[in-house]
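Coordinate-derived values only; no laboratory data. Just so it is clear, the structure is predicted and the values come from calculations on it, not from any experiment. All Cβ positions, glycine included, derive from the backbone under ideal geometry; neighbour counts span all protein chains shown.
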Amino acid sequence: MSFLIALLLDLFFGEPHNSVHPVVWIGKLTTFLDARLPRTIPAGLFTVLIVCTAGLLAALGISYTGIFMFLILPYILKSTFSITSLYTHVKRCDTDNIDELRKAASMIVSRDTASLEKEELYSAAIESLAENFVDGVLSPLFYYLFFGLPGALVYRCVNTMDAMIGYHSERYEKFGKCAARLDDVLNYIPARLSVFIFSLISPVRCLRSAIRYGGIKINGTWSIACISGILNVRLKKTGVYDINPDRRLPVRKELKQALRIYGMVIGLTLTIVLTLLFTTDHSVFSQFSFQGILKGVIR
């Protein structure tokens with residue numbers, strides 16, 4: 001029931017205001033520690049431990065809020081995944097106006113969009129849609145299935161830290177290493193599960209592209225390779241990857257198609273999650289929940 005309410009909150013209301021958004025609070029705690037700790041690996045590890053512990057304690061604390069748990073839990077759970085927000089941000093790139101396209105793309109990708117042509121901007125938007133499906137939807141739901149709210153919230157803590165400090169730069173090369181590596185570990189299985197989900201749409205194209213190009217990055221290129229294969233287009237990030245280079249770069253119609261594919265992938269994912277939630281009560285998945293493990297240890 002909590003998941004259904006969380007899902008409805010996401011679909012009808014999107015993201016909460018920054019002032020009451022749990023992920024923004026995670027970011028503020030990360031920023032606080034980032035500004036005060038040395039640029040070392042131990043300091044980065046300390047940051048990961050503090051932020052993840054805060055998330056874990058918050059998730060466990062909700063279990064002791066009595067009747068308010070049924071109001072708070074869906075709200076916090078909703079904050080760990082972003083189905084509607086991802087669609088909305090990428091949908092803004094559905095335009096022929098190059099200035100609007102550059103501005104919209106700059107909001108969802110880290111690369112400099114000022115010098116990119118239309119096809120490169122559409123490529124960047126499609127890549128972001130595919131990669132963030134794993135980070136923003138599939139991974140948190142995966143950890144929710146196995147570990148309940150604590151699993152989803154701790155994953156979101158790690159993924160948020162990776163987005164903030166997990167860079168190869170002079171400032172973060174050492175300090176952000178623990179967050180980046182832990183994010184790689186947590187996304188390892190979901191990234192590969194995304195291949196299965198995408199393959200339900202177009203098995204041959206998806207698997208052929210994924211097998212050939214999915215392993216370019218440890219996690220990020222699996223879903224990108226899948227959508228590249230399904231769309232039969234080239235997706236390229238200069239200096240990082242070039243997927244299906246023998247194809248042309250996407251145009252606007254492929255972005256529209258990618259958004260439709262995203263809708264189908266979300267439908268498949270939610271069908272799987274809801275089926276597991278409603279058919280495995282008191283069985284294997286409930287035993288893997290954090291609370292179930294904790295009870296087992298206490299016994």
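Add +1 for every Lys or Arg and -1 for every Asp or Glu among the other residues with Cβ under 13 Å from the Cβ of Ala114, and state the total.
On the way: positive: Arg102, Lys103, Arg111; negative: Asp99, Asp112, Glu117, Glu120.
Around Ala114, the charge tally is -1.
Is segment 50-179 rounded, prolate or oblate when judged by the Cα gyration tensor, a ≥ b ≥ c being the square roots of its eigenvalues, rounded requiring a/c under 1.5 and prolate requiring a/b larger than b/c?
It is oblate, given that a/c is not under 1.5 and a/b is not larger than b/c.
Under 5 Å between amide H atoms, partner at least 5 residues away or on a different chain: which partners does Leu235 have, H built in plane at 1.01 Å?
Those lying under 5 Å, H to H, from Leu235 are Ile243.
To the nearest 0.05, how large is the calculated FRET efficiency for Glu117 and Ser63 if R₀ is 35 Å and r is the Cβ-Cβ distance?
For R0 = 35 Å, the calculated efficiency reads 0.10.
Roughly what angle does helix 252-279 make with the longest principal axis of the chain, taking Cα atoms, 0 to 90 degrees, to the nearest 10?
30 degrees
Which shape class applies to segment 5-99: rounded if a/c is under 1.5, otherwise prolate when a/b exceeds b/c and oblate if not, where a ≥ b ≥ c are the square roots of the Cα gyration tensor eigenvalues?
oblate
Using θ = phi - 60° and the Karplus relation 6.51 cos²θ - 1.76 cosθ + 1.60, list the HN-Hα couplings for segment 157-164 in order, rounded to whole Hz, with x at every Gly or Pro.
4, 5, 5, 5, 4, 4, 5, 9
Are there chymotrypsin sites (Phe, Trp or Tyr not before Pro) in segment 1-95 that DSSP puts in a loop and that have at most 14 other Cβ atoms within 10 Å, and which ones?
Tyr64
For the chain, modelled as a GNM with alpha-carbon contacts under 10 angstrom, which of Gly239, Gly229, Gly14 fluctuates the most?
Highest fluctuation of the listed residues: Gly239.
What does the charge count near Leu249 come to, summing +1 for each Lys or Arg and -1 for each Asp or Glu among other residues with Cβ under 13 Å from its Cβ?
+1
Karplus couplings for segment 74-81 from phi (6.51 cos²θ - 1.76 cosθ + 1.60, θ = phi - 60°), rounded to Hz, Gly and Pro as x?
So the Karplus estimates, Gly and Pro as x, are x, 5, 5, 4, 4, 5, 7, 10 Hz.
In degrees, nearest 10, range 0 to 90: what is the angle between the Cα axis of helix 22-34 and the longest Cα principal axis of the chain?
That helix lies at roughly 90 degrees to the long axis.
Could you tell me which of rounded, prolate or oblate describes segment 118-250, using a ≥ b ≥ c as the square roots of the eigenvalues of the alpha-carbon gyration tensor, with rounded for a/c under 1.5 and, failing that, prolate when a/b is larger than b/c and oblate otherwise?
oblate
Please identify, among Pro190, Pro245, Pro203, the residue showing maximal mean-square fluctuation in a Gaussian network model of the chain using a 10 angstrom Cα cutoff.
Top of the fluctuation ranking is Pro245.
Please give the contour-minus-distance gain from Arg92 to Asn232: 0.36 nm per residue of separation, less the Cα-Cα distance, rounded to one decimal in nm.
Length gained between Arg92 and Asn232: 48.2 nm.
I want to verify a result. In a Gaussian network model of the chain, Cα cutoff 10 Å, which of these has the top mean-square fluctuation: Ala210, Ala114, Ala104?
Of Ala210, Ala114, Ala104, the Gaussian network model singles out Ala114 as fluctuating most.
To the nearest 10 degrees, how steeply does helix 203-213 sit against the main Cα axis of the chain, on a 0 to 90 scale?
Here the helix axis deviates by roughly 90 degrees.
Could you run the Karplus curve 6.51 cos²θ - 1.76 cosθ + 1.60 with θ = phi - 60° over segment 49-58 and give me ³J(HN,Hα) per residue in whole Hz, x for Gly and Pro?
5, 5, 5, 5, 5, 4, x, 5, 5, 5
Cα-Cα over 30 Å: which of Lys118/Lys174; Lys28/Lys236; Lys28/Lys253; Lys174/Lys256; Lys91/Lys174; Lys174/Lys237?
In this structure, Lys118/Lys174; Lys28/Lys236; Lys28/Lys253; Lys174/Lys256; Lys91/Lys174 lie more than 30 Å apart at Cα.
Measure off 7 Å from each Cα along the Cα-to-Cβ vector at Ser169 and Ile50, then give the distance between these two points in nanometres to one decimal.
Once both label points are built, they end up 2.0 nm from each other.
Just want to confirm a number: the relative contact order over segment 45-178, from Cα pairs under 8 angstrom separated by 6+ residues, in percent.
Values: 117 pairs, mean separation 40.3, N = 134.
Averaging sequence separation for qualifying contacts and normalising by length gives 30 percent for segment 45-178.
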